[in-house]
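Below you will find the structure I want to go over with you.
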Amino acid sequence: MATNRTFTMIKPDGVENGHIGAILEKITASGFRIVAMKLTQMTKADAEAFYAVHNERPFFGELVEFMTRGPIVAAILEKENAVADFRTLIGATNPADAAEGTIRALYATSVGENAVHGSDSDENAAIEGAFHFAGREMF
Ligand code: RTP
Ligand code: MG
């Protein structure tokens, strides 16, 4: 399988609850190489654009409110089979359904405030990485 990339965010709850270090340790220990990384905060327009696919969903307003309430860690990660392997590492959207030992099982507090984001396809990984990073910030 070819090496490829995914995009992640440690969401505002993960940052607020002091889990940046533990989450990054789990990510790198699982074989992901950090290609780009920064602490940043999304504006309302950023979050509405980033999650535009969900704009008809009942939780959209709550999601935008949550994702903009504090800083996030944004990162691009590289590994063989990066998108699927990262989704496995983070676990199900709802931490109640997330497998034991996954990042969401360990650090998420609810289906909305679930500690981390992971891209759902190679195409979206490229779009989401480019949303947050300039070419010169990728290594
Ligand atoms: P993500 O995109 O953040 O990696 O999460 P995901 O693929 O596991 O879940 P997705 O369906 O894409 O939903 C995006 C984010 O919206 C929030 N959400 N809240 N209150 C709710 O029922 C609900 N459902 C989803 C979560 O923050 C979810 O990660
Ligand atoms: Mg998603």
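Laboratory data are not the source of any read-out in this text; all were calculated from the coordinates shown. These numbers come from a predicted model, not from an experiment. When we count neighbours, we look across all protein chains shown, and the Cβ atoms used for this are built from the backbone with ideal geometry, even at glycine.
Loop only by DSSP, 14 or fewer other Cβ within 10 Å of the Cβ. Give me the chymotrypsin sites (Phe, Trp or Tyr not before Pro) in the stretch 1-94 that pass, ordered by residue number.
Listed in order of number, the matching sites are F59.
Also, I was wondering about something else. When the Karplus curve 6.51 cos²θ - 1.76 cosθ + 1.60 is applied with θ = phi - 60°, which whole-Hz ³J(HN,Hα) does each residue of the stretch 118-128 get, with x for Gly and Pro?
3J(HN,Hα) across the stretch 118-128, in whole Hz: x, 4, 9, 7, 4, 4, 5, 4, 5, 5, 5.
What does the charge count around V35 come to, taking other residues whose C-beta lies under 11 Å from its C-beta (Lys +1, Arg +1, Asp -1, Glu -1)?
Charge balance in the 11 Å sphere: +1.
Can you compute log10 of I(q)/I(0) for the chain with the Debye formula, treating each Cα as one identical point scatterer, at q = 0.16, 0.22 Å⁻¹?
With no solvent term, the Cα-only Debye profile gives -0.79, -1.59.
Mind listing the Cα extents of the stretch 57-139 along all three principal axes, in Å, largest one first?
37, 29, 22
Now for a separate question. Skipping prolines and chain starts, which residues have an amide H placed within reach, meaning under 5 Å, of the one on S119, given they are 5 or more residues away or on another chain?
F7
Continuing with this model, one more query. Determine the relative contact order of the stretch 1-121: mean sequence separation of Cα pairs under 8 Å and six or more apart, normalised by residue count, in whole percent.
Reported as a whole number, the value is 40 percent.
Next up: List the longest stretch of the chain that has no exposed loop site; here a site is one of the GluC sites (Glu not before Pro) assigned by DSSP to anything other than H, G, I, E or B, with at most 11 other Cβ within 10 Å.
No qualifying site falls inside 1-55, the longest such stretch.
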